[in-house]
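As structure tokens, the structure follows; a few thoughts come after it.
The values are calculated or read from the model by the stated rules, or taken from the named source; none is laboratory data. On a predicted model such as this, the values are computed, not experimentally measured, just so you know. Neighbour counts are summed over all protein chains in view; Cβ atoms, including those assigned to glycine, are modelled from backbone coordinates with ideal geometry. Ligands, DNA and RNA are stripped out before the accessible areas are found, and what is left, the full protein with its side chains, is counted by its heavy atoms. Shrake-Rupley method; radii C 1.70, N 1.55, O 1.52, S 1.80 Å.
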Amino acid sequence: YREIVERLGPAFMKIAQTLSTRPDLIGEDLASELGSFQDRARPFSNRLAFEIMEEELGRPIQEVFQDIDENPVAAASLGQVYRAQLFPSSGHSSGKAVAVKVQRPGALEKIAVDIYILRGVLQAVKIMTGMTRDLRLIADEVGSGLYGELDYRIEAENAQAFAAAHQGLGYLVVPEPLPGLTTERVLTMEWVDG
């Protein structure tokens, strides 16, 4: 199933991630296999990821990071994550370990196509089964959620709001986003082991 879902595109990978949390619906074996899309999807080119970082951050990555892993530590449906260390010139603590999440190239366009296809499939299912509900609304809801995940600045804001709302919980650690190093397609946060 894994290769089929990967070929279908990022929206279908995201749906697979969601389904993986419901072994009661799809069974333990399939849930385990689909769960690999949480952090073990096929990564895209490191060269391309570094180009996106430079384009988004507006300078060579060697000016921002004194060290960055050659390969991602995780890859998922919409992006992949690298471990890096900041340079002092970045305006943050020298040597601070960070996670740098980079959006997959063409993610917006691919998701638009995926949602269009999903809407068509769900409309066909509706017609073939004689259902009266408009199943395309499911695709619209999935699409809305996915588009919301494509702007990493919003993800950074959500992380800050979550941290503020739960600051009294000493056992909960929320990685701090670095706004000066976060853009629509690149999210930089402090590195947290665990």
* Structure fact -> The answer for the net charge of residues other than Pro23 whose Cβ lies under 12 angstrom from its Cβ, with Lys and Arg +1 and Asp and Glu -1, is -3
* Grab the Cα-Cα distance for Arg22 and Lys126, subtract it from 0.36 nm times how many residues apart they are, and report the gain in nm with one decimal. => 35.1 nm
* **Fraction of the pair-distance distribution of the chain above 27 Å, Cα-Cα pairs, percent** => 37
* Counting only chymotrypsin sites (Phe, Trp or Tyr not before Pro) that are in a DSSP loop and have at most 13 other C-beta atoms within 10 Å, tell me the longest site-free stretch of the chain. => 2-170
* Structure fact -> Hydrodynamic radius by Kirkwood for the range 149-194, inverse mean 1/r across distinct Cα pairs, in Å, is 11.0
* How many lysine pairs does the chain hold where the Cα atoms are under 29 Å apart and the two sit 8 or more places apart or on different chains? -> 5
* Structure fact -> Computed over the range 135-184, protein heavy atoms only, probe 1.4 angstrom, the accessible area per residue in square angstrom equals 61
* Per residue, the convex hull volume that the Cα atoms of the range 61-142 enclose (Å³) -> 115
* Asked: For the chain, what % of the accessible area comes from carbon and sulfur atoms, probe 1.4 Å?
  -> 55
* Using a cut-off of 12 Å between beta-carbons, work out the net charge of the residues near Leu57 (Lys and Arg +1, Asp and Glu -1, Leu57 not included). => -4
* For the range 102-194, alpha-carbon Rg relative to the globular expectation (2.2 N^0.38 Å, N residues) -> 1.49
* nm² value of the averaged projected area, convex hull over the Cα atoms of the range 101-145 -> 3.4
* **In range of the label at Ala163: residues from the range 65-87 whose backbone nitrogen is under 16 Å from the point 7 Å along Cα→Cβ** => 86
* Asked: Taking only Cα atoms, what is the 0 to 90° angle, nearest 10, from helix 10-19's long axis to the longest principal axis of the chain?
  -> 80
* How about the range 92-194: which trypsin sites (Lys or Arg not before Pro) there are in a DSSP loop, with at most 13 other Cβ atoms within 10 Å of their Cβ? -> Arg133
